[in-house]
Amino acid sequence: MDTKIIKKYLDNQKIKVVEKYDFSNRTISYSKDIKRYREIKTISGDEEVVRAYILAKLVNELEYKAENIEIEKEYQAGRPKKIKPRIDMILKDSKGNPFLFLKAKSPEKFEVDKDLIEDQLFGLASLETGKYGTEIKYLVYYSIEITENGEILDNAIIIDYKKYPTYEVWESKGYPSVGNKLPARYEKAQKEPFKK
C-alpha cells in the first residue's frame, strides 16, 4: 500500500486523532480522546494504516466525536479454554449503542478474508449485544482503495444488523450490503453510484 498518500491525508487533518505516525519505522499513537482497550504503538501491518485513515476520516470529514470511538475492545469467548477476540473499532451513538461495529482490513486482504465476516463481525456483535445489552446499527467490513490519481475511496460492506442479526440470515438473503460508503453524522449508509 502506498503510505505516502495516507501520510499526506493525515498531515492535512485539523483534528489529530492519529497523533504520531511514522510509517517507515512502523510506529503510531492515537489521541487520548479515543477509548483504547489495548495500547497500540506499532504498525504490525497495513490494517493499522487503514484504521489510522478511518479514524481521521470519521472525526474530520464525517463529523463524529473522537470520544465516541473505541478501539481494540476485547470479548471473552469459548469454553473451557477462553480466547479474547477483539473488534477493531466501535463508533457509539449518544445513547452508548454501537452505530458502526467495524473490522478493518488491508486493501490486499479485503476480498481474500471475506469469510471472516461471520466470526469477526457477526460473532463479536452477538457477544457485544449479549453481554452489554447494546443495539448495533451497522456491521462494517472496511478497507480503502487508492485510485491512480491518489484519491482514497471507501471499500466497505455495510450490513444492517437489525435487519440481519445473524450470519445465516444475512447469507440466506444473498449477502446484502446497505452501502459501501460510510455515513456522516449518524445518517443512513448509502451506496456510492458506480462510475465508468
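The values are calculated or read from the model by the stated rules, or taken from the named source; none is laboratory data. Quick caveat, the model's predicted, so the values are computed rather than measured. For the accessible areas, the whole protein counts, side chains as well, though only heavy atoms, and no ligand, DNA or RNA atoms are used. Shrake-Rupley method; radii C 1.70, N 1.55, O 1.52, S 1.80 Å.
Of the listed pairs Lys162/Lys191; Lys14/Lys82; Lys32/Lys163; Lys41/Lys191, which have alpha-carbon separations greater than 30 Å here? Can you show the working numbers first?
Working: Lys162/Lys191 18 Å; Lys14/Lys82 42 Å; Lys32/Lys163 34 Å; Lys41/Lys191 34 Å.
As for pairs spanning more than 30 Å Cα to Cα, those are Lys14/Lys82; Lys32/Lys163; Lys41/Lys191.
Skip the ligands, DNA and RNA, and give the accessible area per residue of the chain with a 1.4 Å probe, whole Å². It would help to have the intermediate numbers written out before the result.
Details: 10910 Å² over 196 residues.
Accessible surface, normalised per residue, equals 56 Å².
Return the carbon/sulfur percentage of the accessible area of region 98-196, one whole number, probe 1.4 Å, all protein chains in place.
49 percent
Which helices of the chain meet both criteria: a Cα extent of 15 Å or more along the helical axis and a mean Kyte-Doolittle score no lower than 1.0, with helices taken as whole DSSP H segments?
TM-like helix candidates: nothing returned.
Can you give the accessible area of Tyr132, probe radius 1.4 Å, in Å² rounded to 10?
Counting only protein heavy atoms, Tyr132 exposes about 100 Å² to solvent.
Here are several values of semi-axes √(5λ) of the Cα gyration tensor in Å: [x] 25, 20, 17; [y] 28, 22, 13; [z] 73, 13, 10. Which one was derived from the coordinates shown?
Recomputing semi-axes √(5λ) of the Cα gyration tensor in Å here gives the entry labelled [x].
Before rounding to the nearest 500, sum -39500 (n - 2.57) across all DSSP H runs of length at least 4 in the chain and divide by the residue total; then give [θ] at 222 nm in deg cm²/dmol.
Roughly -6000 deg cm²/dmol at 222 nm, from the helical runs in the chain.
Roughly how many whole Å is it from the C-alpha centroid of region 121-196 to that of region 50-81?
Comparing the Cα centres of region 121-196 and region 50-81, I get a distance of 14 Å.
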